[in-house]
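**Q** Before I ask anything, let me first share the structure, which is written out below as structure tokens.
The values are calculated or read from the model by the stated rules, or taken from the named source; none is laboratory data. Since we're looking at a predicted model, the values are computed, not measured. Here Cβ is always computed from backbone atoms with ideal geometry, including for glycine, and neighbour counts include all displayed protein chains. Only protein heavy atoms, including side chains, enter the accessible area calculation; ligands, DNA and RNA are left aside. Shrake-Rupley method; radii C 1.70, N 1.55, O 1.52, S 1.80 Å.
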Amino acid sequence: MTSDSLRPLVSKIIEPFAEKAVDIGLSPNIVSFLSLIFAITAGVFFYYSYTNPLFVLIAGLLVALNSFLDAMDGIMARHMQTASLKGDFLDHVIDRYSDIFVICSIFLAGHVQWQIGLAAIVGVLLTSYLGTQAQALDIGRYYGGIMGRADRLILIIAASLIYFLYPSLIYGFSVLGWTIVIIAVGSHVTAIQRIYHIWKQF
């Protein structure tokens, strides 16, 4: 992922919050479910956002909170030495539901045609599947390619802020609409990159 270089910095920022969450008795699984709630709520605001830029801003902030908690639960598990396959599985399930709620709500709100939105969500789910399928084939989990989940979330958060400031259409789409177009193209390119990488391992 292109955002991988930021991961050490982000982890350092989140670690104090993760430690505080552990101190007050929160578990990584609870934090994971909280991240899902933020994603669902973001989806609701995105869905009703086409004529209300403020809703887009709120949705973007909720996506940022979803991202923050999604990163924090793993750090908490490592801090508590409770990291497990069960927790990893739960995290992946919640991530996929979060992706669906956020991306589908944007194109269902009318920021871009549903056909483009469908291409985007298929690409997102396919790239995620390929990342873990490599592990299932004993090749090792692989999340390479030009666009991973963190990249998508950064794009959506940035687009939400820009849309709040400039909600007008640009060549037929809003900024959020163009973001879905970018995600659609980037996800399928990433899928091809991952397929190529996995195929070479055979």
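**Q** As an exercise: evaluate L130 against (1) more than 23 Å from G43 (Cβ to Cβ); (2) modelled with pLDDT of 95 or more; (3) hydrophobic (A, V, I, L, M, F, W, C) and give the number of the one condition it does not meet.
**A** (2)
**Q** Among all residue pairs at least 6 apart or on different chains, which show Cβ distances below 9 Å where the first residue, located in the stretch 7-26, is touching a residue at least 12 places away in the same chain (Cβ under 8 Å) and closer than 20 Å to G148 by Cα and the second is of a type in the set (S, T, N, Q) and open to solvent by less than 60 Å² (accessible area, probe 1.4 Å)?
**A** From residues that are touching a residue at least 12 places away in the same chain (Cβ under 8 Å) and closer than 20 Å to G148 by Cα, the pairs are V10/S3.
**Q** So which residues in the stretch 157-172 are surrounded by 13 or more Cβ atoms within 10 Å (Cβ to Cβ) and in a loop (DSSP other than H, G, I, E, B)?
**A** Taking the stretch 157-172 first, the residues surrounded by 13 or more Cβ atoms within 10 Å (Cβ to Cβ) are 157-164, 167.
Of everything in the stretch 157-172, just one residue is surrounded by 13 or more Cβ atoms within 10 Å (Cβ to Cβ) and in a loop (DSSP other than H, G, I, E, B), namely P167.
**Q** Can you name every residue in the stretch 173-202 that is of a type in the set (F, W, Y) and part of a loop (DSSP other than H, G, I, E, B)? Give the derivation first.
**A** Narrowing the stretch 173-202 to residues of a type in the set (F, W, Y): 173, 178, 196, 199, 202.
Within the stretch 173-202, just F202 meets the criteria.
**Q** Would it be correct to say that S84 is polar (S, T, N, Q), more than 11 Å from the chain's Cα centre (by Cα) and farther than 17 Å from G177 by Cα? Lay out the reasoning, then the answer.
**A** Values: polar (S, T, N, Q): yes; more than 11 Å from the chain's Cα centre (by Cα): yes; farther than 17 Å from G177 by Cα: yes.
For S84, the condition - polar (S, T, N, Q), more than 11 Å from the chain's Cα centre (by Cα) and farther than 17 Å from G177 by Cα - is met.
**Q** What is the residue count in the stretch 138-182 for residues that are over 27 Å from Q193 (Cβ atoms) and of a type in the set (A, V, I, L, M)?
**A** Result for the stretch 138-182: 5.
**Q** Which residue, of N52, N29, is in contact with a Gly (Cβ under 9 Å, 6 or more places away or on another chain) and not charged (D, E, K, R)?
**A** Working: N52 fails: in contact with a Gly (Cβ under 9 Å, 6 or more places away or on another chain).
The match here is N29.
**Q** Would you please name the residue that is surrounded by the most Cβ atoms within 10 Å (Cβ to Cβ), looking only at residues in the stretch 173-194 that are under 12 Å from Q113 (Cβ atoms) and of a type in the set (V, I, T)?
**A** Only one residue tops the list, namely I180.
**Q** How about the stretch 149-174: which of its residues are under 15 Å from V102 (Cα atoms) and of a type in the set (A, V, I, L, M)?
**A** Hits for the stretch 149-174 are A150, L153, I154, L155, I156, I157, A158, A159.
**Q** Restricting to the stretch 71-114, name every residue that is without any contact (Cβ under 8 Å) to a residue 40 or more places away in the chain, in contact with a helix residue (DSSP H, G or I) (Cβ under 9 Å, 6 or more places away or on another chain) and of a type in the set (S, T, N, Q).
**A** Across the stretch 71-114, the qualifying residues are S84, Q113.
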